[in-house]
Amino acid sequence: MTTDIINTFEQLGVTKNILPALVELGYETSTPIQQQSIPALLAGKNLLAQAQTGTGKTAAFALPILSRLTLSASQPYPQALILAPTRELAIQVAETFQSYAKYLSGFHVLPIYGGADYRPQLKALKRGVHVVVGTPGRIMDHLRRGSLSLESLTTLVLDEADEMLRMGFINDVEWILQQIPQQYQLALFSATMPSSIRKVADKYLTAPIKIRIAAKTATVESIKQYYTLISRHHKLEVLTRYLEIEDFDATLIFTRTKNASTELADKLKARGYAVAAINGDMSQNLREQVIKRMKKRSLDIVVATDVAARGLDVERISHVINYDIPHDSESYVHRIGRTGRAGREGKALLLVTSREQRMLAMIERATKQKITAINPPSITQINIKRQQTFVNEVLAVLASKTLESYREFIEKIKHESQRSELDIAAALAILAQKDKPLAEAKEDPLLAVSKEKHKEEGKKRRKKSTGRKFSKMDEFEKGMTRCRIEVGREHKLQPSDVVGAITNIAGVSRKVVGKIAIYNQYSLVDIAANVVQQVIDATYRCKLKKRQMAITPVSQQQQHKHKHGSKSKTKPKSKSKSKSKSKSKSKSKSRS
């Protein structure tokens, strides 16, 4: 198999220095998008590719880029730029580049995205990087600052172009394309081809090679997919309950980081499970040993990271559990594809927190399958499962063992205790179950959280954490900076929209958002002074209610002008109209 993999990618033109890394990552064969894209990009052609997430498109552009790089100390400027719509995808693509380039000495890749500190990015750019992967907004910032140079750029990739269109980044992408002074190779990858994407392609792609991979269901029908909405703090409890009620042969659990895989494996081991971790810190030999143990049934559970699980093919894996939701839908498809092999049925479970529901929706769109919502296992279910398991074990002993010697033993206990056989059997059941009683005392109501309850609790939590008073914005709270947003009540803006935009785009806690007042055409919001610049940088050119947010700090004097400046400029046409206006203003203030 190893020789086949090497021959496959070598025939496509991938440089020999990359092939060992592909073997270690467990690549089995090339995909259709890779077979068509790699030769075209290696030949320097422009590319217009339509392919669904989960088809291997990252390797389709990463491998030819790495194969064509000039890795020398005299080449400090980026030779390739990949534009991605989200920070999660930018990080994922950068990590993938790094894993492919494991044996490329001196290679450097840098992810650039909003909401992160500028200083590490500036230092890395100054030292020199070969590939930059970034979101449009932060790339624009660096170009304006002069910290990012495109003068050595040879290849630019637009990844998930339709998603960039949906998020309002297409104008930003065009601006970036216009900043490149020399000729370059352009590759555009998109799951769909709306008219706006075609216009960009027609304008910037010269004689492109066109590739279209037919859309299909990305996951097999033999895999039953479920998700459960839970609090982050209850993940381990829900996982252990799920493992207890499910009849699984072998289970593969995915975490996002190496440390998390080791920690989770240790916690499950302490709870009595036959489990081991497998991650990138382990040698190939150790990984193979873990897989062999799973095949030989001395291991029932493996906790893995995405990279470590590449190529993991064990037929007895009946369940895949996403302990951490993946960064993108492509990773999700790869993960759950480890079950449902050889015509067998498989189950896949996603543990989803309230902040991760958007990623869940993206996964459903990419796989073209609805993932069924289930509640976390209840104490009642646990009790029923334990009792049935115990009954089956007792019945098996009654059917297969000779009990004569034990009857004499029970008679002795009965004589000494003066208790019935039923009482003695109950006592022995308690001893047999030890730390897993057949009937837990009470239910934990926090675990059974419905989607509606999640939303309600989220609203209460946001109100409580920010302590907002929507009607009064006169006092400047200590440690907060008051900012103006160019979106208001007439755009149907709600306080929750402001909080959601700031926390999701800038990647900050809800606690940094203070009071909010919404007026007709704009809004005021208090943001913690220590992160206000980070929020402004991250939300630059981002839209809220289809309008530019344009967050800017305001002083007390400026706020006074915002609230009262218009009164002196507008003269009432009549007394009745001026009265009605003053009434409407007072109502507006009371509502805000």
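The values are calculated or read from the model by the stated rules, or taken from the named source; none is laboratory data. Values in this document were obtained by computation on a predicted structure and should not be read as measured data. Cβ: placed from backbone, ideal geometry, glycine included. Neighbour counts: every protein chain shown.
Observations on the model:
- Qualifying residue in the stretch 375-385 (condition: surrounded by 14 or more Cβ atoms within 10 Å (Cβ to Cβ), under 27 Å from residue 240 (Cβ atoms), among the small types (Gly, Ala, Ser) and modelled with pLDDT of 80 or more): yes
- Residue in the stretch 250-267 that is farthest from residue 387 (Cα to Cα), counting only those that are in contact (Cβ under 8 Å) with a residue 12 or more places away in the chain and assigned to a helix (DSSP H, G or I): 258
- Yes/no for residue 192 being among the hydroxyl-bearing types (Ser, Thr, Tyr), part of a loop (DSSP other than H, G, I, E, B) and closer than 19 Å to residue 51 by Cα: yes
- Any pair with Cβ under 7 angstrom, 6 or more apart, that starts in the stretch 405-416 at a residue that is under 14 Å from residue 428 (Cα atoms) and ends at one that is assigned to a helix (DSSP H, G or I): 410/421; 410/424; 413/424; 414/421; 414/424
- Count - residues of the stretch 181-198 that are without any contact (Cβ under 8 Å) to a residue 24 or more places away in the chain and under 13 Å from residue 156 (Cα atoms): 1
- Once the stretch 154-195 is narrowed to residues that are of a type in the set (Ser, Thr, Tyr) and within 25 Å of residue 142 (Cβ to Cβ), the residue that is modelled with the lowest pLDDT is 190.
- Within the stretch 145-168, residues that are not assigned by TED's automatic domain parsing to the domain that holds residue 362 reach partners that are among the hydroxyl-bearing types (Ser, Thr, Tyr) and part of a helix (DSSP H, G or I) with beta carbons closer than 9 Å, at six or more positions or on different chains, in the pairs 145/118; 147/118; 159/58; 162/196; 165/196.
- Residue in the stretch 268-283 that is crowded, with 17+ Cβ neighbours inside 10 Å, assigned to a helix (DSSP H, G or I) and outside the structural domain of residue 56 (by TED's automatic domain parsing) present: yes
- Failed item, numbered, when residue 98 is tested on (1) among the polar types (S, T, N, Q); (2) at pLDDT 90 or above; (3) part of a loop (DSSP other than H, G, I, E, B): (3)
- Test for residue 471: is it hydroxyl-bearing (Ser, Thr, Tyr), in the same structural domain as residue 542 (by TED's automatic domain parsing), at pLDDT below 85 and more than 30 Å from residue 238 (Cα to Cα): yes
- Qualifying residue in the stretch 236-249 (condition: within 25 Å of residue 368 (Cβ to Cβ) and not in a helix (DSSP H, G or I)): no
- Close contacts from the stretch 199-212, counting a first residue that is on the phi > 0 side of the Ramachandran plot and a second that is surrounded by 13 or more Cβ atoms within 10 Å (Cβ to Cβ) and not small (Gly, Ala, Ser), with Cβ to Cβ under 8 Å and a gap of 6+ residues or different chains, come to 207/45; 207/46.
- Looking only at the stretch 154-187, and only at residues there that are surrounded by 18 or more Cβ atoms within 10 Å (Cβ to Cβ) and touching a Pro at 6+ places or on another chain (Cβ under 6 Å), the one that is farthest from residue 539 (Cα to Cα): 160
- Verdict on residue 145 being more than 24 Å from residue 13 (Cα to Cα), out of contact with any Asp or Glu (no Cβ under 6 Å at 6 or more places or on another chain) and not hydroxyl-bearing (Ser, Thr, Tyr): yes
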